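Computed from the coordinates by the stated procedures, all read-outs in this text should not be read as laboratory data. Values in this document were obtained by computation on a predicted structure and should not be read as measured data. Cβ placement follows ideal geometry from the backbone for every residue including glycine, while neighbour counts extend to all protein chains displayed.
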């Protein structure tokens, strides 16, 4: 259930990623999916919100789409904010729609071994049970500002 990912591996994923489809993003500002997507957007990532219940609405300057197949341009990462039982069709659709997909990221509490294996067989990196916002903050030294020991040594102030 808990996989180990090296800091180098996670840093590589975050540095190469430009466009992220956030599947299951809520427009409720107190929901984790909203503030994670907002944070990533503020950090310069192009965030595409995916939620059929909010399709057509606008958030962070982006139009919410109902499903991954509604996205017309390539994405680098799929960030999944759905319960584990919903993961297989999301991963299948992502692999079908985005031949150059680099990463499937499943949020804290979300993992699905069979879908991860399917993605990895297509040379797609998979991160499960982690949050890209938390990892970005930890690896870029931002958590340190809140008094957390990130275990990362940096000369950044």
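A few notes on this one:
- Relative contact order of the range 7-146, pairs being alpha-carbon contacts under 8 Å that are 6 or more residues apart, as %: 21 percent
- Full extension of the chain between residue 92 and residue 58 gives 9.6 nm of extra length, using 0.36 nm per residue less the Cα-Cα distance.
- Calculated FRET efficiency, residue 19 to residue 83, Cβ-Cβ distance, R0 = 35 Å: about 0.90 to the nearest 0.05.
- Summed over qualifying helices (DSSP H, 4 residues or more, each -39500 (n - 2.57)) and divided by its residue number, the chain shows a 222 nm mean residue ellipticity of -9000 deg cm²/dmol.
- Antiparallel bridge percentage (DSSP; both residues within the range 7-146; nearest 5): 10 percent
- At R0 = 25 Å, FRET efficiency that the Cβ-Cβ distance of residue 120 and residue 42 yields, to 0.05: 0.25
- Calculated on the Cα set of the chain, radius of gyration then Dmax: 15.1, 44 Å.
- Most tightly packed first, judged by the mean number of other beta-carbon atoms within 10 Å of their residues, the peptides 100-109, 54-63 read 100-109, 54-63.
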